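Here's the structure, in structure tokens; my notes come after.
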Amino acid sequence: MQRIYLDHNATTRPHPAVIDEMVACLKDSFGNPSSIHAFGQDARRVLDRARQRVADLLGAEPEEVVFTSGGTEADNQAILAAARGLSSRGRHVVTSAVEHQAVLHPCRHLEELGHRVTYVPVDRDGLVAPEAVAAALQGDTVLVSLMLANNDVGTLQPVAEVAALARARGILVHSDAVQALGKVPVDVRALGVDLLSISAHKLQGPKGAGALFVRRGVTLPALLHGGHHERNRRAGTENVPAIAGFGRACALAREELSARSDRARRLRDRLEQGILGAVPLASRNGGGEGRLPNTSNLSFEGLDAETLLLNLDLLGVAVSTGAACSSESKRPSHVLMAMGRSAEEARSSLRFSVGEENDEGQIDRAIDAVKQVIDSLGPCTR
Ligand code: PLP
């Protein structure tokens, strides 16, 4: 049985060129990039090249890229370090109700430390209104954090508009672009953000590497303390092989972005229309055009999503009930709940996220598998 992977928002298969780059680095450039001898300088060159490639994909300068262990660390640094660094100016943070846990949990931690956080609500498509963000700003707001693309439903947020109104009031702006990178254009200047988080494993890079864009002129305290790595912004010997792979993944994404996104949209639409056409119980969660090209979140009225997922897995089709990080908690998706769905509706929802390894034949087989599972479950499970 050929397995069909439709969970690319959880993670992606590393691109063969990424693997080659990483293996070459492990074999030939094992030095510590902070060492001044030739071995170290060789690893430093690998790091510099990767930094340039990541910066090029973001429209940033290489010095504005701080390598981290992934998206979670980048989000934590953006939120916790910014709030700490700015606490003499104010202790209020604004974010949205549909952020990833990597943003929501640091925000909760800030609340435990005595900061105030406003969670701006969203509409039925998962969209934040810039006016609602404007209304949430207070005299002592120091940070606004709004994700660029939602991981569960794919909704693209109006980050550029929100950044303009926040920065006009001298407020720092962060965006979690972990799901957006490699799927839609991400240009830090066009967005007007001060801080932006990304992660390698969402765009055919390896796990364990990510980055925080820190706009030149913004002073952000470190979260990890130790050596002087990353210009004193993140201590710890860099994960050079993973970062090399990350750089390669970014270079590939830059070359292929529009072709990849057109292809993903075609496959996603075929899948979505195929399921919605064949399964009367199915309905879509989240916006039409204003969402990631690869993501489709569907509710199956009266059915338990986990049962669907497990049965699809038996047929070799891998999908998700939501963010991989929250799949161990049985709670319904906070994103769908914030979008006004009931807990029952949220518990009947599956996320399909297509990617580079899928083709039309796989999509058609996945549609058949969904039909087969729903037919086999029968009315007693509804
Ligand atoms: N932010 C978003 C929107 C995500 O989807 C994820 C991962 O699912 C993260 C942050 C965390 O990234 P990482 O897995 O690299 O820690």
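The values are calculated or read from the model by the stated rules, or taken from the named source; none is laboratory data. Fair warning: this is a prediction, and the values are worked out from it, not measured in the lab. Neighbour counts run over all protein chains shown; Cβ positions are idealised from the backbone, glycine included. These accessible areas exclude ligands, DNA and RNA; they are computed on the full protein's heavy atoms, side chains included. Shrake-Rupley method; radii C 1.70, N 1.55, O 1.52, S 1.80 Å.
If you check residue 278 against the conditions, is it farther than 27 Å from residue 204 by Cα, touching a Leu at 6+ places or on another chain (Cβ under 6 Å) and not assigned by TED's automatic domain parsing to the domain that holds residue 151?
The answer is no for residue 278.
Report yes if some residue within segment 26-41 is touching a helix residue (DSSP H, G or I) at 6+ places or on another chain (Cβ under 6 Å), at pLDDT 95 or above and crowded, with 23+ Cβ neighbours inside 10 Å; otherwise report no. There is no residue in segment 26-41 that is touching a helix residue (DSSP H, G or I) at 6+ places or on another chain (Cβ under 6 Å), at pLDDT 95 or above and crowded, with 23+ Cβ neighbours inside 10 Å.
Screening the candidates 210, 226, 205 for the property of being surrounded by fewer than 24 Cβ atoms within 10 Å (Cβ to Cβ) and among the small types (Gly, Ala, Ser) yields one hit, 226. For segment 1-25, a residue qualifies if it is part of a helix (DSSP H, G or I), more than 16 Å from the ligand (Cβ to nearest atom) and open to solvent by less than 50 Å² (accessible area, probe 1.4 Å), and the qualifying residues are 17, 21, 22, 24, 25. Based on this model, can you work out whether residue 185 counts as modelled with pLDDT of 95 or more, within 30 Å of residue 360 (Cα to Cα) and open to solvent by 30 Å² or more (accessible area, probe 1.4 Å)? Against the criterion (modelled with pLDDT of 95 or more, within 30 Å of residue 360 (Cα to Cα) and open to solvent by 30 Å² or more (accessible area, probe 1.4 Å)), residue 185 qualifies. Does residue 127 meet the test of being open to solvent by 20 Å² or more (accessible area, probe 1.4 Å), touching a strand residue (DSSP E or B) at 6+ places or on another chain (Cβ under 9 Å), within 12 Å of residue 147 (Cα to Cα) and not basic (Lys, Arg)? So residue 127 passes the test. One residue alone among 102, 50, 10 is of a type outside the set (Val, Ile, Thr) and over 30 Å from residue 296 (Cα atoms), and that residue is 50. Among the residues of segment 81-100, those that are open to solvent by 30 Å² or more (accessible area, probe 1.4 Å) and over 18 Å from residue 150 (Cβ atoms) comprise 84, 85, 86, 87, 88, 89, 91. Can residue 183 be described as within 16 Å of the ligand (Cβ to nearest atom) and within 22 Å of residue 59 (Cα to Cα)? Here the answer is yes, as residue 183 does meet what is asked.
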